[in-house]
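The values are calculated or read from the model by the stated rules, or taken from the named source; none is laboratory data. In this text, all values refer to a predicted model and were calculated from it rather than measured experimentally. Reconstructed Cβ throughout: ideal geometry from the backbone, glycine too, with neighbour counts over all protein chains shown.
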Amino acid sequence: MLLDDLNGPDDLKRLPAAQLPELAHEIREFIVDAVANNGGHLGSNLGAVELSIALHRVFESPRDAILWDTGHQAYVHKLLTGRKAQFDELRRADGLSGYPSREESRHDFVENSHASTILSYAYGLAVGRDAGTTDHRHIVAVIGDGAMTGGMSFEALNNLGHSKRRVIIVLNDNGRSYAPTVSNLWANAQQVDERSNHPSFTDRITSSLSSALTDIRMNPVYVRRQRKIERFLHELPGIGNQAERALDAFKAGVREFLQPPSFFEALGVRYTGPIDGHDLEALESALQQAEELSEEGPIVVHVLTQKGRGYAPAESDDEKHLHDAPIFDPLSGPPPSGPTGYTEAFSRTMLAVAEQDDRIVGITAAMAGPTGLIPMQERFPDRVFDVGIAEQHAVTGAAGMAMAGLRPVVAVYSTFLSRAWDQVVYDVALHRLPVVFCLDRAGITGPDGASHHGVYDLALLSKVPGMRVLAPSNADELEQMLTDAVALADDGPIVIRYPRGGAPRAADGVGSGLSARKVVTPNDQASVVICAIGRMVATAETVAGKLAADGIHCTVWDVRSCVPLDPKMLDDAAQHQLVVTIEDGIVEGGIGSMLTRSLHERLSATTIALPQFINLGLPTVFIPHGAPDDLFEKFNLDASNVAARIRSALG
């Protein structure tokens with residue numbers, strides 16, 4: 001196999017062009033097998049095979065910095081930079097990361113799994129290069145999978161064009177993030193591409209002219225002559241400015257007629273494309289020309305690719321082209337995807353409350369499928385809004401909807417809500433608006449690693465004035481909380497946060513409103529009370545069982561309402577010798593510390609002795625990727641370690 005002999009980009013450059021299609025085929029087969037064995041991001045990587053090959057044949061990584069946004073499309077890049085043997089441990093503990101990793105390779109510059117940031121990184125690296133503090137020759141930023149819909153991308157483009165920094169931007173346009181990309185730029189480009197599949201005579205002529213115009217505009221000889229003409233016109237006595245503007249207007253009119261409309265050049269960024277992202281010869285030619293033209297300033301090479309290309313199950317997946325996949329049989333492909341666990345409970349309840357209350361609307365940032373909004377989208381297409389990868393806009397848009405009398409529910413991953421912190425605090429909470437935030441993937445999430453664990457939401461959102469924070473311990477509790485939230489939102493915003501994965505059903509009923517729920521009441525006098533949050537309630541019940549075998553009796557509360565804390569739970573906790581709190585968020589500044597402070601304040605004016613306190617949670621560190629159970633054990637939050645901690649505290 002050709003892939004077996006590739007140990008780095010230099011080996012790739014030595015391959016004859018005739019063998020590259022065979023290499024692309026081998027890479028696709030390898031990636032399908034690797035993801036089938038480990039799970040991971042599939043569709044975006046299958047679509048980026050030829051692009052990754054062309055980038056590493058034209059540029060000289062790491063002397064040329066190749067930056068990836070979003071990083072989940074970098075599997076091929078990892079293969080081409082000598083990490084084939086590590087794919088056996090893809091996304092496993094201590095194994096290959098599912099994203100670029102500076103710790104893994106000198107060819108990786110940014111661990112970039114939160115979209116729309118790479119152009120800002122590129123701008124900063126270009127500033128450093130131009131200042132002489134780095135020796136990078138070219139800065140190449142690959143942006144795709146809908147990341148161009150994020151506001152940061154536009155901000156960086158504006159800065160790049162204004163400053164004329166020499167950055168090459170490759171827009172890997174596969175028309176999708178998880179869902180179809182919310183972007184007029186993509187829509188216009190795809191309309192051109194679709195016409196090419198069934199072209200009329202006029203379309204064929206127009207397409208040929210468009211390709212010819214792209215070739216001309218990318219030709220460095222043409223560019224140098226154009227600059228001479230511009231200088232000549234500018235220097236014409238009396239009419240120089242008018243002549244120069246007339247030429248610009250003529251060129252803009254030709255571009256508008258023959259190519260997808262683009263705002264890039266209005267920002268001072270040269271644009272070319274669209275280019276067939278699966279034509280290696282065309283890709284290499286376009287990148288080589290962009291390399292030379294970048295001496296004059298930033299340039300965008302617009303590349304059209306097919307997400308999931310070369311693997312039939314991915315190509316036929318209408319929802320997300322197998323953007324991500326669990327472990328599966330590569331011969332048959334993954335089973336049909338759909339929401340499971342807590343996400344399924346949210347999805348089902350969201351549809352139910354929407355049917356009962358026509359004020360309910362759903363908002364998603366390019367993730368209607370993963371957050372469970374598709375059933376509501378299909379039932380009420382005018383009441384679900386996908387704003388693209390734009391969490392800030394989603395939150396403030398929700399604020400506006402709430403002001404207009406609607407009841408917006410913002411469905412987002414916990415880790416991604418942090419991108420809209422300012423908007424949550426000052427656009428929603430400050431105005432006491434009835435917005436419900438449903439945070440999926442809260443706490444430890446597993447194989448996606450540090451950037452995806454939702455471990456900060458409890459500590460952060462509990463400090464927002466007027467915010468109520470709820471955490472269900474099972475699917476039935478989530479259904480109850482979302483139903484209650486419609487009415488509770490009259491008094492201001494609410495957060496419901498829940499983990500990834502399976503959700504147990506309630507064994508003995510659920511709570512309601514802002515009340516906690518006692519789930520273990522021992523027959524004998526209990527010396528220990530465990531106040532557990534969300535998924536940690538199951539751990540607490542197991543701990544209580546282990547300690548009961550030792551004669552240590554424990555009361556267990558399902559906190560449910562993290563903010564505000566239930567006074568009845570606090571009063572009961574004060575009657576115990578030892579108060580233990582467990583949460584799957586950072587322990588510093590978390591709910592446990594708030595509960596401890598509340599008890600101190602309640603008991604300070606009484607004669608009741610203060611109990612002993614243990615606050616358990618996650619440390620303030622970047623948590624690596626790995627299986628959730630292994631990570632909980634690593635940080636001593638599994639039942640055995642918690643029970644041992646309690647035994648030790650009791651002496």
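Just one of LEU439, LEU478, LEU461 is over 16 Å from the mean Cα position of the chain (by Cα) and within 17 Å of PHE346 (Cα to Cα); which is it? Give the steps one after another, and end with the answer.
On the way: LEU439 fails: over 16 Å from the mean Cα position of the chain (by Cα); LEU461 fails: within 17 Å of PHE346 (Cα to Cα).
Unique residue meeting the criteria: LEU478.
Output the residues belonging to region 364-379 that are touching a residue at least 40 places away in the same chain (Cβ under 8 Å) and not in a strand (DSSP E or B).
Of region 364-379, the ones touching a residue at least 40 places away in the same chain (Cβ under 8 Å) are 364-372, 374.
Correct list: ALA365, ALA366, MET367, ALA368, GLY369, PRO370, THR371, GLY372, ILE374.
Can we say GLY400 is surrounded by fewer than 24 Cβ atoms within 10 Å (Cβ to Cβ) and either touching a Phe, Trp or Tyr at 6+ places or on another chain (Cβ under 6 Å) or under 22 Å from PRO472 (Cα atoms) (or both)?
Values: surrounded by fewer than 24 Cβ atoms within 10 Å (Cβ to Cβ): yes; either touching a Phe, Trp or Tyr at 6+ places or on another chain (Cβ under 6 Å) or under 22 Å from PRO472 (Cα atoms) (or both): no.
Judged against the criteria, GLY400 is not a match.
Got a sec? Which of ALA131, ALA85, ALA93, ALA115 is farther than 24 Å from PHE264 by Cβ, modelled with pLDDT under 90, among the small types (Gly, Ala, Ser) and outside the structural domain of HIS453 (by TED's automatic domain parsing)? Can you show your working first?
Values: ALA131 fails: modelled with pLDDT under 90; ALA85 fails: modelled with pLDDT under 90; ALA115 fails: farther than 24 Å from PHE264 by Cβ.
When all the criteria are applied, what remains is ALA93.
Would you confirm whether or not region 616-629 contains a residue that is at pLDDT 95 or above and farther than 30 Å from GLU89 by Cα?
yes
Please work out which one of (1) surrounded by fewer than 24 Cβ atoms within 10 Å (Cβ to Cβ); (2) touching a residue at least 24 places away in the same chain (Cβ under 8 Å); (3) over 21 Å from ASP448 (Cβ atoms); (4) not β-branched (Val, Ile, Thr) is the condition ARG14 fails and give its number.
Here ARG14 meets the rest and fails (2).
Can you tell me which residue is modelled with the highest pLDDT among those in region 319-340 that are surrounded by fewer than 21 Cβ atoms within 10 Å (Cβ to Cβ) and under 20 Å from the mean Cα position of the chain (by Cα)?
So the first thing to find is which residues in region 319-340 are surrounded by fewer than 21 Cβ atoms within 10 Å (Cβ to Cβ), and the list is 319, 324, 326-340.
Pick out the ones that are also under 20 Å from the mean Cα position of the chain (by Cα) and you get 319, 324, 326, 337-340.
Values: GLU319: 69, ASP324: 75, PRO326: 81, SER337: 71, GLY338: 73, PRO339: 80, THR340: 86.
My answer is THR340.
Within region 124-138, can one find any residue that is surrounded by 21 or more Cβ atoms within 10 Å (Cβ to Cβ) and closer than 26 Å to GLU26 by Cα?
Checked region 124-138: no residue is surrounded by 21 or more Cβ atoms within 10 Å (Cβ to Cβ) and closer than 26 Å to GLU26 by Cα.
From the residues in region 383-394 that are among the hydrophobic types (A, V, I, L, M, F, W, C) and in contact (Cβ under 8 Å) with a residue 40 or more places away in the chain, which one is surrounded by the fewest Cβ atoms within 10 Å (Cβ to Cβ)? Talk me through it step by step, then tell me what you get.
Our first condition is that a residue be among the hydrophobic types (A, V, I, L, M, F, W, C); within region 383-394, this holds for 384-385, 387, 389-390, 394.
If we keep only those that are in contact (Cβ under 8 Å) with a residue 40 or more places away in the chain too, we end up with 387, 389-390.
Numbers: VAL387: 18, ILE389: 29, ALA390: 24.
Across region 383-394, the extreme among qualifying residues is VAL387.
Can you pull out every residue in region 516-547 that is within 40 Å of the chain's Cα centre (by Cα), closer than 17 Å to ALA649 by Cα and assigned to a helix (DSSP H, G or I)?
ALA540, VAL543, ALA544, LYS546
Scan TYR271, TYR342 and give me the residue that is among the aromatic types (Phe, Trp, Tyr), outside any loop (DSSP other than H, G, I, E, B) and closer than 30 Å to ARG129 by Cβ. Before you say what the answer is, go through the steps one by one.
Working: TYR342 fails: closer than 30 Å to ARG129 by Cβ.
The match here is TYR271.
Tell me the residue from GLY98, GLY175 that is touching a Lys or Arg at 6+ places or on another chain (Cβ under 9 Å), crowded, with 23+ Cβ neighbours inside 10 Å and not charged (D, E, K, R), please. Give the derivation first.
Details: GLY175 fails: crowded, with 23+ Cβ neighbours inside 10 Å.
None of the others qualify; the one that does is GLY98.
Could you tell me whether region 407-423 includes any residue that is without any contact (Cβ under 8 Å) to a residue 24 or more places away in the chain and assigned to a helix (DSSP H, G or I)?
Filtering region 407-423 down to residues without any contact (Cβ under 8 Å) to a residue 24 or more places away in the chain leaves none.
No, the conditions are met nowhere in region 407-423.
Can we say GLY98 is touching a strand residue (DSSP E or B) at 6+ places or on another chain (Cβ under 8 Å), over 27 Å from ALA266 (Cα atoms) and assigned to a loop (DSSP other than H, G, I, E, B)? I'd like the intermediate steps shown before the answer.
On the way: touching a strand residue (DSSP E or B) at 6+ places or on another chain (Cβ under 8 Å): yes; over 27 Å from ALA266 (Cα atoms): yes; assigned to a loop (DSSP other than H, G, I, E, B): yes.
So GLY98 passes the test.
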